[in-house]
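J.: I am attaching a structure below and will ask some questions about it afterwards.
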Amino acid sequence: MTDEAKAFVPGHVTGFFAVERTDDPTTTGSRGGGLTLSDGVTVTVRPDTETEILLDDVSVDIGAVEGVLEALGIEATVIGETDLPLGSGFGVSGAMALGTALAATDEFDLELSMAELTTVAHGAEVQAGTGLGDVVAQARGGMVLRLEAGGPRANELDGLPARPRVEYLTLGELDTSDVIGGDTERLSAAGDDALSRVVEQPTVERFMYASRRFAREAGLLTPDVKDVIMDVTEAGGEASMAMLGETVFALGTGLSDAGYDPHVCRVDPTGATVLGGSHRDQAELQPHASDGK
């Protein structure tokens, strides 16, 4: 039997955000809002003599995963599987980091809490420059509002009590590090304004409006994405841009009603979790000779 453990981490679409940096990667992060997806990443961790990372059967370098393994003091083969588009605003890097932390603690008996594992993954993601808030949201699930920046012990979380159908359409890729690594003053001002609007009126409709306004005011809206959003609006739907990717997401049947052929999922209700089926789980399920079976 294979000696491994698995975890599932939902994808995450950010609607708006504001950057806050400190000298500590665990308190650096972003305030903002987003939604986690039932489409996500399944991560398998296998003990090994050296580190190897695979994503959909392709060997890859993911700095956030390497940072998690280093912080935990282990070497392993990490295998990620996902149907989510890469580099398009779905938090795949954060999902790989958090999934690695969760599966590793199960496989190596590390005895770390969810907050500790999320902090490790968040810090690794920040240091890798691939995200500032995905991990915290992915650990929680739902439609998440991050009221403070940083890992779970620094970040005050809230959310919207809604689990709508989600449609998404990817048009291309954007480099996250180019955006969050540069001057973020304009972006952060727009993000704080968007967050304030949703906190004041915490509805799905207000969230989508604030997200569209943020994309425009932060200067991130691309012409192709704008055209698709306008098509959805004209069809009577709600759509916005995923941060950071050239991706449009809509609630309900917005993209379908506008004549597009989108991917369809729902808001994930539970957040990241270890999956059953590790070698220890299976051993515990086997009948013992003394059971007389």
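J.: What number goes with the only condition from (1) open to solvent by 10 Å² or more (accessible area, probe 1.4 Å); (2) closer than 15 Å to T118 by Cα that A64 does not pass?
T.: (1)
J.: While we're looking at this one, here's another question. Tally time: how many residues in the stretch 247-277 are charged (D, E, K, R), within 26 Å of P152 (Cβ to Cβ) and touching a helix residue (DSSP H, G or I) at 6+ places or on another chain (Cβ under 9 Å)?
T.: Here is the first cut: in the stretch 247-277, the ones charged (D, E, K, R) are 257, 261, 266, 268.
When the remaining residues are screened for being within 26 Å of P152 (Cβ to Cβ), the result is 266, 268.
Now drop any that are not touching a helix residue (DSSP H, G or I) at 6+ places or on another chain (Cβ under 9 Å), which leaves 268.
Final tally of qualifying residues: 1.
J.: Have a look at G129, G142, G89 and point out the one that is of a type outside the set (S, T, Y), modelled with pLDDT under 95 and within 20 Å of V166 (Cα to Cα). Write out each step before concluding.
T.: Details: G129 fails: within 20 Å of V166 (Cα to Cα); G142 fails: modelled with pLDDT under 95.
Result: G89 is the single residue among G129, G142, G89 that is of a type outside the set (S, T, Y), modelled with pLDDT under 95 and within 20 Å of V166 (Cα to Cα).
J.: Can you spot a residue in the stretch 256-266 that is of a type in the set (K, R), on the phi < 0 side of the Ramachandran plot, out of contact with any Ser or Thr (no Cβ under 6 Å at 6 or more places or on another chain) and open to solvent by 10 Å² or more (accessible area, probe 1.4 Å)?
T.: no
J.: Mind checking which pairs have a first residue in the stretch 79-97 that is at negative phi and a second that is among the basic types (K, R), Cβ under 8 Å, 6 or more apart or different chains?
T.: Qualifying pairs under 8 Å: I79/R46.
J.: Also, I was wondering about something else. Is it the case that some residue within the stretch 78-85 is open to solvent by less than 10 Å² (accessible area, probe 1.4 Å), hydroxyl-bearing (S, T, Y) and under 17 Å from the mean Cα position of the chain (by Cα)?
T.: Checking the stretch 78-85: not a single residue is open to solvent by less than 10 Å² (accessible area, probe 1.4 Å), hydroxyl-bearing (S, T, Y) and under 17 Å from the mean Cα position of the chain (by Cα).
J.: Identify all residues within the stretch 145-168 that are of a type in the set (D, E) and either open to solvent by less than 20 Å² (accessible area, probe 1.4 Å) or modelled with pLDDT of 95 or more (or both); write none if there are none. Quick ask: steps written out before the conclusion?
T.: Taking the stretch 145-168 and keeping what is of a type in the set (D, E), we get 148, 156, 158, 167.
Those that are of a type in the set (D, E) and either open to solvent by less than 20 Å² (accessible area, probe 1.4 Å) or modelled with pLDDT of 95 or more (or both): E148, D158, E167.
J.: Can you report the number of residues in the stretch 181-207 which are surrounded by fewer than 21 Cβ atoms within 10 Å (Cβ to Cβ) and either without any contact (Cβ under 8 Å) to a residue 40 or more places away in the chain or of a type in the set (A, V, I, L, M, F, W, C) (or both)?
T.: Of the residues in the stretch 181-207, the ones surrounded by fewer than 21 Cβ atoms within 10 Å (Cβ to Cβ) are 181-186, 188-189, 192-193, 196-197, 199-206.
From what's left, either without any contact (Cβ under 8 Å) to a residue 40 or more places away in the chain or of a type in the set (A, V, I, L, M, F, W, C) (or both): 182-183, 185-186, 189, 193, 196-197, 199-201, 204-206.
Number of matching residues: 14.
J.: Scan the stretch 19-53 residue by residue and report those that are over 18 Å from the mean Cα position of the chain (by Cα) and within 25 Å of T273 (Cβ to Cβ). Working first, answer last.
T.: Initially, the stretch 19-53 is screened for residues over 18 Å from the mean Cα position of the chain (by Cα), giving 20-24, 45-53.
Across the stretch 19-53, the qualifying residues are V45, R46, P47, D48, T51, E52, I53.
J.: Looking only at the stretch 15-54, which residues are out of contact with any helix residue (DSSP H, G or I) (no Cβ under 7 Å at 6 or more places or on another chain) and open to solvent by less than 40 Å² (accessible area, probe 1.4 Å)? Step through it out loud before you land on a result.
T.: Residues of the stretch 15-54 that are out of contact with any helix residue (DSSP H, G or I) (no Cβ under 7 Å at 6 or more places or on another chain), as a first pass: 20-24, 27, 30, 35, 37-39, 42, 46, 48-50, 52, 54.
Result: S30, L35, L37, T42, L54.
J.: Here's something else I'd like to know. Take G73 and tell me if it is surrounded by fewer than 19 Cβ atoms within 10 Å (Cβ to Cβ) and either within 29 Å of L147 (Cβ to Cβ) or touching a His at 6+ places or on another chain (Cβ under 6 Å) (or both). If you could, list the steps in order and put the result at the bottom.
T.: On the way: surrounded by fewer than 19 Cβ atoms within 10 Å (Cβ to Cβ): yes; either within 29 Å of L147 (Cβ to Cβ) or touching a His at 6+ places or on another chain (Cβ under 6 Å) (or both): no.
No.
J.: Which numbered condition trips up G40, out of (1) in contact (Cβ under 8 Å) with a residue 40 or more places away in the chain; (2) under 18 Å from A124 (Cα atoms)?
T.: The failed condition is (2).
J.: Same structure, new question: With a cut-off of at least 2 residues that are touching a Leu at 6+ places or on another chain (Cβ under 8 Å) and under 22 Å from V135 (Cα atoms), name the helices (runs of 4 or more DSSP H) lying wholly within the stretch 178-279. Walk me through how you get there before you give the answer.
T.: Working: elements: 185-200, 204-217, 223-234, 254-257.
Here the list reads 185-200, 204-217.
J.: Right, another one. So, of the residues in the stretch 218-243 that are open to solvent by 10 Å² or more (accessible area, probe 1.4 Å) and touching a helix residue (DSSP H, G or I) at 6+ places or on another chain (Cβ under 6 Å), which turns out to be nearest to S38 (Cα to Cα)?
T.: Among them, the one singled out is E238.
J.: Among (1) in a strand (DSSP E or B); (2) surrounded by 24 or more Cβ atoms within 10 Å (Cβ to Cβ); (3) not charged (D, E, K, R), which single condition is L171 missing?
T.: Going through (1) in a strand (DSSP E or B); (2) surrounded by 24 or more Cβ atoms within 10 Å (Cβ to Cβ); (3) not charged (D, E, K, R) one by one, L171 breaks only (2).
J.: Can I ask one more? Taking the condition of being in contact with a strand residue (DSSP E or B) (Cβ under 7 Å, 6 or more places away or on another chain) and on the phi > 0 side of the Ramachandran plot, how many residues in the stretch 30-65 meet it?
T.: 2
The values are calculated or read from the model by the stated rules, or taken from the named source; none is laboratory data. All of these numbers come straight from a predicted model, not from anything done at the bench. Note: ideal-geometry Cβ built from the backbone for every residue, glycine included; neighbour counts use all protein chains shown. All accessible areas refer to the heavy atoms of the entire protein, side chains included, with ligands and DNA or RNA removed. Shrake-Rupley method; radii C 1.70, N 1.55, O 1.52, S 1.80 Å.
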